[in-house]
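Quick notes on the structure that follows.
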Amino acid sequence: MRLWSRGRLPLVMVALLLAVVAPLSTAAQSEIVITVAVPQFFSQLITPELLEAFSAENPGIRAKVVDGGFPGFASPIDGLDAHLSDVSDYVSSADVVFASSDNFSVEATRAGYILDLTPLTSADPTLNSDDFIPAAWQSVQWDNGVWALPVSVDVITLVYDPEKFDAAGVAYPDSSWTIDELANAARQLAEYDANNAVSTPGLVMFGNYAGLIARSLMGTSLVDSNAVPDMPDFSDPGLASILTTLNDLQTEGVVASSFNGNIDDVPMRIIGSFGLTSFDPNTPASPSVMLPGGAAGLDVQGFAISSGTQYPEAAYALAKFLTQRAEVGSNFFGAAPARQSLRGLQPETSDGGGPGGGAVFIGRPNSPEIDAAIDAALVNALPASELRYAAYLNSALSSMSSDGLDAATALQDAEATAVSNLTAAAELRAETAVIVATPVPDVVLSEGEISLKFGMQSFISPLPNQDQWDQVISDFVANDPQVGNVELVAGFNTDPMDSDCYYLPYNNVPEVDLNTVLSLDPYLDADPTFDRNDLVGSVMTQVQRDNKTWALPIVIQPEALRYNSEVFDQAGVAAPENGWTVDSFADTLRQLKDYLGEAPFASQGFGGTYMLLLIASYGGLPVDYRTSPPTLNFTDPATVEAIRQVLDLAKEGLIDYQELAAEGGAIFIAGASAEDDRPAIYTQSNLGVGDISIQIGGPQSDPYRTTTYPMGNTFNAITYGVGTAYISATTQNADACYRWLSTLSQHMELFSGMPARRSQMNDASRTADEISFYTQIDALMSDPNTVEFPSAFRGASPASFLQLRWLEQVFDNYVLNDADLETELAEAQLISQTFQECVAGIPAFDPATDDQRGYFQQFGECARLADPEMGSLFGG
């Protein structure tokens, strides 16, 4: 069910609020419906039970949640009109909107898009503003207004690795550090390669934290409070000196704003409270201190009210209610509730939040050490409002690098841009008009009709093809004899167990509690439109357990290679339009490197699966997944030679190789390059996350095309995920659910991926590029020499994950440290065999009775037995 549109809505003038609003009276009014827009990562907190509690406390008012997507706005620095247009769309979506210090701006409030809550807060004797963390309450105030009610906060500190400091002989960081002391430490702690280029920076400062560092070091406000309204003031010579040093450090590479690798390898990180934790439960919290200058940063989440609401009092009542609930304030994305009275209260958990059930921890279970670090930071935190012009500082730093400006000139330009934007925004206020989208009315069913609730986990929200979903739902409802409504609930945090039927962008059959889903065999057997032989590869067997079928395959998402057709043409290299052999693949890499002067191939996937696929193409199967359990062949001569050939491509500089087995068992995921900085060839994991027609053929402006991994003389290799649909065991409308799922299986335009059925590959709507790629993948999957490798989205077990890590350590040591390959492989084989023998005694996971964490700890115990250095990955 579509709840709202991101499109521009008709604009009408909204009457100004009175200076003081009388208490809300609903006795003589019909029910008021207030909408609240929240991003998907927050939506699981706003439960129906929570909204019912709000209505019980506020008779006559009902609240409804609408999908707020991810409220990221164009920067006002890049264009005020675009920024305010995004803000207008967002605040038109609901009466109450999720807000954070990252996305709400002074430009938006001065232009009149956000309601000033001062008349409401000053007239409310029950608000108790003293209950808010002081810096959090100050964070939502500027221009003599209150622009939101804070719900939760996160802190930003300097996190460091004592071992790296000790190894470098550098004194631990201190909040009294000057910019020069920070610079000296970053230079001494940075790591360099054989060419004396920085391989690991000494400091990473994420986001817009350069402005935060500068404000902390300055110790004084960067706002000219004498101006009416206030304006930024970047004239202090000390500020120019700080930016000059930061620019020098970034130019040298010893300070970076991002890092493509294991962040734990960086000695100093200016980062939020998540940086205090580790994926390894046995690793203690990383120590932290305040930023140089003695302050901490503060990120505030809360709720603002659209200036277009027709019910300001009711909207305010809802926003205030949300700030008073522990389950909202103690959310996973904040370090602490904004209200001090909620600190330490254990938020409730809900069951079934993950696929197949299982508890979802809404709050973040911090250790006492982390809580102490957070407490210390809150005492020293700068209100986010003090950093309301920090984005302009960051733009000054960027222009110093990109345009070669000196700090004073860059700061003057940034301040001038800020003043211009703020002045223009204030002038627009008289013209600003916002109207909040009317809530979608509840569906009224006719006698005998039913409503289906369909859950869909999606990595993209809101759905980019929502209009197509609406049309399919409308057509289905019009033609189905029983279903009068299909409620589509889509998003990353969608709870599938709370639906009649649902779709997952991966195959959950290996892990799902079979008591929570229905077998589809009776429906498939009776469906004349379904042919098991029409499904590609081994897809059908992958959705079966205990000789029954538990999910309907909708799409597959193969891993593929993307190549820049323009670069191939410019280099005079033949494009792999119909695939390539291993010999032509290696020749292509060498020709491209000669042309580009850099490695032409890079992985942008998960871990080292891409290496296994290439090794298989070269004739080696270090892990043979055709058997159960997988057969380990690390030392087989053919495998050793295949591994050597592939790794030598990396050593030759043809593959941009990144460390795979990061220290301490942390999970490594290769970072994606910017759109204009993609390598000539890169891996595209689980093709289908976006619109497949765009990814395969690409828009005319995108030169990238899609092909398979190289074909081998002995083996071919493929890995793919499967998008699957299920019927919940608790539904009262199983037959209707199957009719709906069967309908969806005929509408590939709704899903991201390649059709799971051959009969749908040659549909008239397919482009020639799509059909060609689908045909290649189908032929590859049908080839008896093709080996299928488990996908990260296809139920890979903890055992296979750990076994790969030992093999990845071999790859790292050979490529990065020139280790002896045969010796490394022999040692890894012994460790992996010991581990495999141990895990063979672990019974299969039973979601109905087993604790997931305890179950994983058994693998950790086996890992510790085989290799003490690896045993802590899953705890124990």
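The values are calculated or read from the model by the stated rules, or taken from the named source; none is laboratory data. Everything quoted here is computed from the prediction, not taken from an experiment. Counting neighbours? That spans all protein chains shown, and the Cβs are built from the backbone with ideal geometry, glycine included. For accessibility, only protein heavy atoms count, side chains too; no ligands or nucleic acids. Shrake-Rupley method; radii C 1.70, N 1.55, O 1.52, S 1.80 Å.
Scanning segment 633-646 for residues that are within 18 Å of N716 (Cα to Cα) and either in contact with a Cys (Cβ under 6 Å, 6 or more places away or on another chain) or not in a loop (DSSP other than H, G, I, E, B) (or both) turns up A638, T639, V640, E641, A642, I643, R644, Q645, V646. Checked against (1) at pLDDT 80 or above; (2) within 21 Å of Y502 (Cα to Cα), G688 passes all but condition (1). Across segment 552-608, the number of residues qualifying as assigned to a helix (DSSP H, G or I) and on the phi > 0 side of the Ramachandran plot comes to 0. Checking segment 186-198 against the condition returns a match, with at least one residue being assigned to a helix (DSSP H, G or I) and open to solvent by less than 20 Å² (accessible area, probe 1.4 Å). Inside segment 499-526, residues that are in contact with a Leu (Cβ under 9 Å, 6 or more places away or on another chain), outside any loop (DSSP other than H, G, I, E, B) and either buried (at least 22 other Cβ atoms within 10 Å of the Cβ) or β-branched (V, I, T) (or both) make up a count of 2.
For (1) closer than 18 Å to D161 by Cβ; (2) open to solvent by 60 Å² or more (accessible area, probe 1.4 Å), each residue gets a yes or a no:
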| site | (1), (2) |
| --- | --- |
| I179 | no, no |
| N184 | yes, yes |
| L222 | no, no |
| N226 | no, yes |
| L249 | no, no |
| F259 | yes, no |
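State yes or no: is N507 of a type outside the set (S, T, Y), free of Cβ contacts under 8 Å to residues at least 40 places away in the same chain and farther than 20 Å from T47 by Cβ?
no
Which of the residues that make up segment 532-549 are crowded, with 23+ Cβ neighbours inside 10 Å and farther than 22 Å from L780 by Cα? Result: no residue meets the conditions. Which of the residues that make up segment 756-771 are open to solvent by 40 Å² or more (accessible area, probe 1.4 Å) and either in a helix (DSSP H, G or I) or modelled with pLDDT of 90 or more (or both)? Hits for segment 756-771 are R758, S759, A768, D769, I771. For segment 477-498, a residue qualifies if it is of a type outside the set (D, E, K, R) and either over 16 Å from V65 (Cβ atoms) or in a helix (DSSP H, G or I) (or both), and the qualifying residues are V477, A478, N479, P481, Q482, V483, G484, N485, V486, P496, M497.
Residues that are under 20 Å from the mean Cα position of the chain (by Cα) and within 16 Å of S499 (Cβ to Cβ) were ranked within segment 448-460; the one that is surrounded by the fewest Cβ atoms within 10 Å (Cβ to Cβ) is S458. Would you call Q776 in contact (Cβ under 8 Å) with a residue 12 or more places away in the chain and either within 30 Å of P868 (Cα to Cα) or open to solvent by less than 20 Å² (accessible area, probe 1.4 Å) (or both)? No.
So that you can scan it fast, the table gives a plain yes or no per residue for (1) surrounded by 15 or more Cβ atoms within 10 Å (Cβ to Cβ); (2) assigned to a loop (DSSP other than H, G, I, E, B); (3) modelled with pLDDT of 95 or more:
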site	(1), (2), (3)
T423	no, no, yes
A430	no, no, no
I435	yes, yes, no
V443	no, yes, no
D475	no, no, yes
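For segment 595-612, the set of residues classified as out of contact with any helix residue (DSSP H, G or I) (no Cβ under 8 Å at 6 or more places or on another chain) and open to solvent by 20 Å² or more (accessible area, probe 1.4 Å) consists of G597, E598, Q604, F606, listed by residue number. Annotation note: of G753, G721, the sole residue that is more than 30 Å from I643 (Cα to Cα) and either open to solvent by 50 Å² or more (accessible area, probe 1.4 Å) or among the small types (G, A, S) (or both) is G753. Counting only residues that are closer than 22 Å to G79 by Cα and open to solvent by 10 Å² or more (accessible area, probe 1.4 Å), segment 405-421 holds 10 of them. Being among the aromatic types (F, W, Y) and open to solvent by 20 Å² or more (accessible area, probe 1.4 Å) is the requirement here; does Y618 meet it? When the stated conditions are applied, Y618 passes them.
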